[in-house]
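Okay, structure first, notes after.
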Amino acid sequence: MKYMKVKVYNQKGKEIDTVNAPEKVFGLPWNGDLVHQVMVALQASLRTPVAHTKDRSEVSGGGKKPWRQKGTGRARHGSRRSPLWRHGGTTFGPRNDRIFKQKINKKMGTRALCVVLSKKMKQGEVAFLDGLDVSSGKTRDAKMVLGAMQTIPGFTSFLKKKKNGATIFLARPDKILSRSFKNFGNVAVAELRNMNALDALRYKHIIFTDPKATISFLEKKASNIKSNNKEVLAKSVAVMTK
């Protein structure tokens with residue numbers, strides 16, 4: 001397995017160490033088609049429809065036939081709940097019970113995440129911090145920490161615009177730290193275990209607070225794909241040789 005040297009900083013923006021990062025997580029080539037497919041699926045799964053219309057089986061009234069079938073000279077109708085009538089049901093209207101969820105394979109989701117991380121690493125938009133401590137839980141102290149991190153190469157302007165914000169991924173939950181950055185519109189705090197390609201692309205920059213735990217988690221997540229591919233290849237070869 002190949003590794004690449006990555007710099008580790010403290011929360012004051014000073015380089016203090018280096019760590020080995022696997023190339024299968026942070027050194028993959030760009031795959032736009034895969035990332036687009038995974039992004040569309042993740043965004044579709046997040047949709048929560050609100051608009052809702054009633055069809056002809058849900059509107060009130062209509063138990064009796066409006067008039068007899070023949071002899072009146074008018075068009076034939078069977079119910080006042082017909083979509084042709086005023087106050088009748090709606091045809092093909094929006095429904096809040098519609099499911100927009102799209103299925104993607106776990107391997108595709110993990111691969112897309114690694115591709116996004118590799119792209120951001122190449123552009124200098126990923127930073128590893130040895131730790132992040134805002135014990136007071138105040139926004140004022142969190143702002144001072146973010147200001148100090150602007151000395152990191154590639155992070156000089158990550159607070160100037162909303163699209164240049166950052167997502168801080170925590171190796172373990174921290175309520176105080178999450179509360180400290182809650183008032184920033186361009187900074188998000190999330191847990192590493194829930195990370196996906198959509199979270200990685202939410203803001204321009206990514207900050208990892210625990211390099212060893214982060215790399216170990218991502219490496220293990222990517223290694224599962226590799227082992228699964230080997231098993232599938234071995235099974236296919238065994239079938240072909242029979």
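Scanning the range 59-116 for residues that are among the β-branched types (Val, Ile, Thr) and either touching a helix residue (DSSP H, G or I) at 6+ places or on another chain (Cβ under 8 Å) or under 30 Å from Ser223 (Cβ atoms) (or both) turns up Ile104, Thr110, Val115, Val116. Taking the range 98-110 as the search range and keeping residues that are touching a residue at least 40 places away in the same chain (Cβ under 8 Å) and not basic (Lys, Arg), which one is farthest from Leu201 (Cα to Cα)? Ranking the qualifying residues of the range 98-110, first place goes to Phe100. Of the residues that sit in the range 47-66 and are in contact (Cβ under 8 Å) with a residue 40 or more places away in the chain and surrounded by 10 or more Cβ atoms within 10 Å (Cβ to Cβ), which one is farthest from Lys101 (Cα to Cα)? The extreme case among them is Thr53.
A quick yes/no check of all residues on (1) under 22 Å from Ala200 (Cβ atoms); (2) more than 20 Å from the chain's Cα centre (by Cα):
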{"position": "Leu28", "(1), (2)": "yes, no"}
{"position": "Gly32", "(1), (2)": "yes, no"}
{"position": "Pro49", "(1), (2)": "no, no"}
{"position": "Ser57", "(1), (2)": "no, yes"}
{"position": "Gly63", "(1), (2)": "no, yes"}
{"position": "Arg68", "(1), (2)": "no, yes"}
{"position": "Ser82", "(1), (2)": "no, yes"}
{"position": "Thr91", "(1), (2)": "no, yes"}
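If you filter the range 17-33 down to residues that are small (Gly, Ala, Ser) and in contact with a Lys or Arg (Cβ under 9 Å, 6 or more places away or on another chain), you find that the one that is nearest to Phe217 (Cα to Cα) is Ala21. Restricting attention to the range 150-170 and to residues that are crowded, with 17+ Cβ neighbours inside 10 Å and either at pLDDT 90 or above or of a type in the set (Val, Ile, Thr) (or both), the residue that is farthest from Glu219 (Cα to Cα) turns out to be Ile152.
Please go through the range 3-46 and pick out each residue that is loosely packed, with under 12 Cβ neighbours inside 10 Å, touching a strand residue (DSSP E or B) at 6+ places or on another chain (Cβ under 7 Å) and either part of a helix (DSSP H, G or I) or touching a residue at least 24 places away in the same chain (Cβ under 8 Å) (or both). Listed by number, the list holds a single entry, Ile16.
Which residue, of Ala112, Ala142, is under 18 Å from Asn196 (Cβ atoms), surrounded by 12 or more Cβ atoms within 10 Å (Cβ to Cβ) and of a type outside the set (S, T, N, Q)?
Going through Ala112, Ala142 in turn, the sole match is Ala112.
The values are calculated or read from the model by the stated rules, or taken from the named source; none is laboratory data. This one's a predicted model, so the numbers in the text were calculated from it and none came from an experiment. Heads up, the Cβs are rebuilt from the backbone with ideal geometry, glycines too, and the neighbour counts pull from every protein chain shown.
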